[in-house]
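**Student:** I'd like to ask some things about the structure below.
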Amino acid sequence: MRKIISSKFFRGTAILGVLVTGFFAFASPSQKATEEPAYITVELDRGSIKRSVATSGTVQPLVRVEVGSQLSGQLIEVLADFNTEVRQGDLLARIDPDTFRSRVEEAEAQLKISRAGLAVARANQRRAQANLTQRRSDLARFEPLLEYDAISEIEVDAAQAQFDTAVADYQSSEAQVENALALVSQREASLRQAQVDLQRTDIRAPINGVVILRNVDVGQTVAASLQAPVLFEIAQDLSKIQIEADVNEADIGSVKEGNEVTFSVDAYPNREFNGVVRQVRLAPKEESNIISYTVIVNADNPQKILYPGMTASVEIITGQRDDVLRVANSVLRFKPDNAEAGASGGRSQGAGGGADRMAELQEQLGLSEEQSREIRQKMRDLFANRSQGGPSGGGNPRDAMSKIFRTVLDEEQWEKYQALQNDRQEYTRGTLWTLDASGNPDAVPVRLGISDASHTEVVSDDLEAGSVVIQRQGRS
């Protein structure tokens with residue numbers, strides 16, 4: 001009896017297993033087909049896109065001055081230390097002035113001697129002047145007497161010789177006075193130089209700021225040679241700092257003066273600081289065959305918590321668009337297997353044709369009807385000439401169109417046109433794929449703008465926020 005029950009039980013179990021297996025074998029394809037569609041789609045939305053360049057740099061003061069000494073000597077005082085706030089003209093250190101003070105005293109004595117020599121030379125000049133006057137009078141009296149034979153020619157010749165000698169003596173005295181004057185000037189210059197050297201024994205702050213480096217101590221001897229030794233380094237007003245960041249040559253084209261910057265430092269990992277690009281230096285830097293350029297970023301540091309030398313992680317905002325139509329970057333990588341067939345969806349490229357673009361420009365530039373007609377006529381002539389292989393058949397069509405607009409627009413309109421063209425150059429052509437009524441991929445040509453890590457700007461007349469586009473192909 002036990003064997004019979006056991007046999008029936010196992011036969012029933014086997015039949016149940018066959019039924020269950022058949023059920024799942026029948027049901028599984030249908031469920032799998034409904035688990036995942038042929039294409040995975042997402043919706044376009046509107047939002048902000050921020051394009052940026054990431055790099056790093058070093059925090060530096062706006063102005064940093066190395067204070068040295070033009071004199072050699074022993075330091076007898078050092079009045080400034082690290083972090084000392086100084087004002088322009090404050091005394092930082094003093095070199096032993098005794099040697100330089102003695103040079104001043106020596107120069108003063110030499111000046112007194114030269115001034116005394118000048119007084120002697122001027123006295124000799126006055127004596128020579130008096131003698132010359134006397135000899136001129138004697139000669140004037142003798143010449144009339146010679147006509148009446150009241151005096152001999154020998155006496156007249158002697159008077160003439162004495163007059164010529166007096167003239168020479170006077171000219172010599174003039175030269176002596178000039179020489180004495182030059183010597184006085186030389187001694188005065190030597191005195192001024194000695195006084196300047198004496199003043200230079202006082203090392204003073206050239207700017208307002210904070211001492212960030214001190215290289216000397218009391219008793220140390222300063223040796224000034226061809227290059228002045230650096231005694232102190234002063235950073236001017238640390239409430240404003242700059243960051244010297246290196247940007248790779250592949251990214252430097254999008255960095256412009258005035259770009260907004262955000263950065264952080266390891267000392268304050270949870271805090272973000274703001275700055276602005278002040279300068280893009282043109283000098284290239286090469287390291288390991290990689291070319292980079294230095295970008296100077298200015299930032300405020302009102303609390304003075306950013307110190308010189310800190311490493312900053314920098315993000316330069318090279319473009320930002322708000323409330324724009326955008327798509328996930330993964331969507332742009334999708335391309336169906338039958339892309340060539342699906343791409344002929346019959347839609348025009350981008351945001352409207354030439355007529356739409358012309359109407360848009362007419363509104364943006366404020367074109368008159370006459371200007372619009374002239375531009376259209378010149379563009380028709382251009383395209384006709386190009387199609388016939390005429391002189392304008394080559395070259396860049398964009399440049400040819402710019403020449404047409406330049407001849408028609410006034411200065412204000414031309415500036416607006418250039419700005420629009422520069423903005424338009426940031427857009428490239430692309431294709432998004434939607435599903436048609438039959439569930440097949442349908443190509444939609446669009447213009448793509450700036451991108452960030454997750455989204456790309458989309459410009460299209462055929463798509464809007466909420467439009468469904470294919471992100472990837474489902475699993476079969």
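The values are calculated or read from the model by the stated rules, or taken from the named source; none is laboratory data. The structure displayed is predicted, hence computed values, not measured ones. Here the Cβ is made from the backbone with ideal geometry for all residues, glycine too, and neighbour counts use every protein chain on show. Just the protein is used for accessible areas: all its heavy atoms, side chains included, with ligands, DNA and RNA removed. Shrake-Rupley method; radii C 1.70, N 1.55, O 1.52, S 1.80 Å.
**Student:** Tell me, what is the 1.4 Å probe accessible area of Met401, in Å² to the nearest 10?
**Tutor:** Per-residue accessible area (Met401): approximately 50 Å².
**Student:** Among the listed pairs Lys50/Lys335; Lys256/Lys285; Lys240/Lys285; Lys285/Lys416, which have their C-alpha atoms separated by more than 28 angstrom in this model?
**Tutor:** Check vs 28 Å cut-off fails for Lys285/Lys416.
**Student:** Then there is this: Amide H neighbours of Lys240 under 5 Å, counting only residues 5+ apart in sequence or on other chains, H built in-plane at 1.01 Å?
**Tutor:** Asn301
**Student:** Tabulate in residue order the Karplus-calculated ³J(HN,Hα) for segment 57-70, using 6.51 cos²θ - 1.76 cosθ + 1.60 with θ = phi - 60°, rounded to whole Hz; enter x for Gly and Pro.
**Tutor:** Result, ordered by residue: x, 10, 6, 9, x, 4, 10, 10, 10, 8, 9, x, 10, 8 Hz.
**Student:** Compute, for segment 183-268, the length of the dipole vector about the Cα centre, with Cβ point charges of +1 (Lys, Arg) and -1 (Asp, Glu) only. Units Debye, rounded to 20.
**Tutor:** Dipole about the Cα centre, nearest 20: 720 debye.
**Student:** Once you charge only the Cβ atoms, +1 for Lys and Arg and -1 for Asp and Glu, what is the size of the charge dipole of segment 213-313 about its Cα centre, to the nearest 20 debye?
**Tutor:** Details: 8 positive and 14 negative charges, 59 e Å.
For this selection, approximately 280 debye.
**Student:** From the protein chains alone at 1.4 Å, what is the descending order of accessible area for Val78, Val218, Val468, Val265, largest first?
**Tutor:** So, going from the largest accessible area down, we get Val218, Val468, Val78, Val265.
**Student:** Additional query: Going by amide H atoms built from the backbone, whose H comes under 5 Å of the H on Asp45, apart from near neighbours?
**Tutor:** Arg326, Gly466
**Student:** Per residue of segment 102-117, in order, report the coupling 6.51 cos²θ - 1.76 cosθ + 1.60 (Karplus, θ = phi - 60°) as ³J(HN,Hα) in whole Hz, putting x for Gly and Pro.
**Tutor:** 5, 5, 5, 4, 5, 5, 5, 5, 4, 5, 4, 4, 5, 5, 5, x
**Student:** A further question on this structure: For Ser460, Ser288, Ser152, give me the order by solvent-accessible area with a 1.4 Å probe, most accessible first, ignoring ligands, DNA and RNA.
**Tutor:** Ser288, Ser152, Ser460
**Student:** Roughly speaking, what is the stretch gain from Asn248 to Val218, that is 0.36 nm per residue apart minus the C-alpha to C-alpha distance, in nm to one decimal? Working shown, then result.
**Tutor:** Details: separation 30, 0.36 × 30 = 10.80 nm, distance 4.68 nm.
So the chain would gain 6.1 nm between Asn248 and Val218.
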